[in-house]
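Structure, as structure tokens:
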Amino acid sequence: MDTYMIELEVAGPFAMFARPDSGSTPISYPVPTYSAAKGMFEAVAWLSSVYINPVRVEICEPIRFERYITNYGGPLRKPVQIKGNNNYQLIATILVDVRYKLFAEVREKLIKRGRDDPRKKKPSSRRELARKFSDEFNRRLENGQTFHTPCLGWKKFVPSYFGPLRLDTNRDESVDHLVIPSLLDSVWENKEVHPNFRQNWKISKGVMSYKFQEPHHAQ
């Protein structure tokens, strides 16, 4: 099956890609999760018959964490707090001054259809669909068109830049030999909540792959 590559650059003053194991005082991963990266691409263009598969992220600024405190007024408050319309302070560890380059594959989704199904496409038309989608994605990204405002994890953390790759942006190779013990891969499976994790995921010379990696064994 033919695939086409799409890419984008995103930067911002704050980012939060929460580790599920950090509980009520969330701590960010150093990079976007697979689902967060996928969401950024789909903010630009989306088609039900096309699958966007993020393949890697390049870290283009040093990784910096800062403490962040905000008043939380959402549904996870205790019932007495909700009843009294009281907020509570949420303490988090977020990323600051981030810049990433994201890369993804585009291909048509495989949908099994009967031989006489009029919706069944010829191989040439399937290839054409993926190519046209990638062209449309690049056009919309260049023009700054999105279906909704992209974010860096939390919706309040909007990018300061979101667009095509810039020639003066390079990956930071000093971010090296970094291992994430447990990286959230996806939350849903077959339309049900079923979190999947990737163990001991490596970042080397400013690059992390979302694809298969050889197992890393801690020293």
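The values are calculated or read from the model by the stated rules, or taken from the named source; none is laboratory data. As the structure is a prediction and not an experimental result, all values here were calculated from the model. Here the Cβ positions follow ideal geometry from the backbone for every residue, glycine too, while neighbour counts run over all protein chains shown.
Worth pointing out:
- Count of residues meeting criterion [buried (at least 19 other Cβ atoms within 10 Å of the Cβ) and out of contact with any strand residue (DSSP E or B) (no Cβ under 7 Å at 6 or more places or on another chain)] in the stretch 31-42: 1
- Within the stretch 47-81, the set of residues being in a loop (DSSP other than H, G, I, E, B) and within 30 Å of residue 177 (Cβ to Cβ) comprises 60, 61, 62, 63, 64.
- Residue list for the stretch 87-104, restricted to those being surrounded by fewer than 14 Cβ atoms within 10 Å (Cβ to Cβ) and at pLDDT 90 or above: 91
- Candidate set from the stretch 185-219 (those that are modelled with pLDDT of 80 or more and part of a loop (DSSP other than H, G, I, E, B)); member that is surrounded by the fewest Cβ atoms within 10 Å (Cβ to Cβ): 211
- In the stretch 83-97, residue farthest from residue 71 (Cα to Cα) [restricted to those that are in contact (Cβ under 8 Å) with a residue 12 or more places away in the chain and of a type outside the set (S, T, N, Q)]: 97
- If only residues of the stretch 134-172 that are of a type in the set (Lys, Arg) and farther than 21 Å from residue 15 by Cβ are counted, the one that is farthest from the chain's Cα centre (by Cα) is 139.
- Only residues that are of a type in the set (A, V, I, L, M) and assigned to a loop (DSSP other than H, G, I, E, B) were counted across the stretch 21-46, and they come to 2.
- Index of the failed condition, residue 56 passing every other in (1) surrounded by fewer than 20 Cβ atoms within 10 Å (Cβ to Cβ); (2) at pLDDT 95 or above; (3) under 18 Å from residue 154 (Cα atoms): (3)
- Residue list for the stretch 1-20, restricted to those being assigned to a loop (DSSP other than H, G, I, E, B) and of a type in the set (Asp, Glu): 2
- Contact annotation: residue pairs with Cβ atoms under 7 Å, 6 or more positions apart or on different chains, pairing a residue in the stretch 128-149 that is more than 13 Å from residue 107 (Cα to Cα) with a partner that is at pLDDT below 95 and not basic (Lys, Arg), are 147/46.
- Residues satisfying the stated conditions in the stretch 3-21, i.e. surrounded by fewer than 15 Cβ atoms within 10 Å (Cβ to Cβ) and either among the aliphatic types (A, V, I, L, M) or free of Cβ contacts under 8 Å to residues at least 24 places away in the same chain (or both): 5
- Of the residues making up the stretch 62-76, not a single one is modelled with pLDDT of 95 or more and under 14 Å from the mean Cα position of the chain (by Cα).
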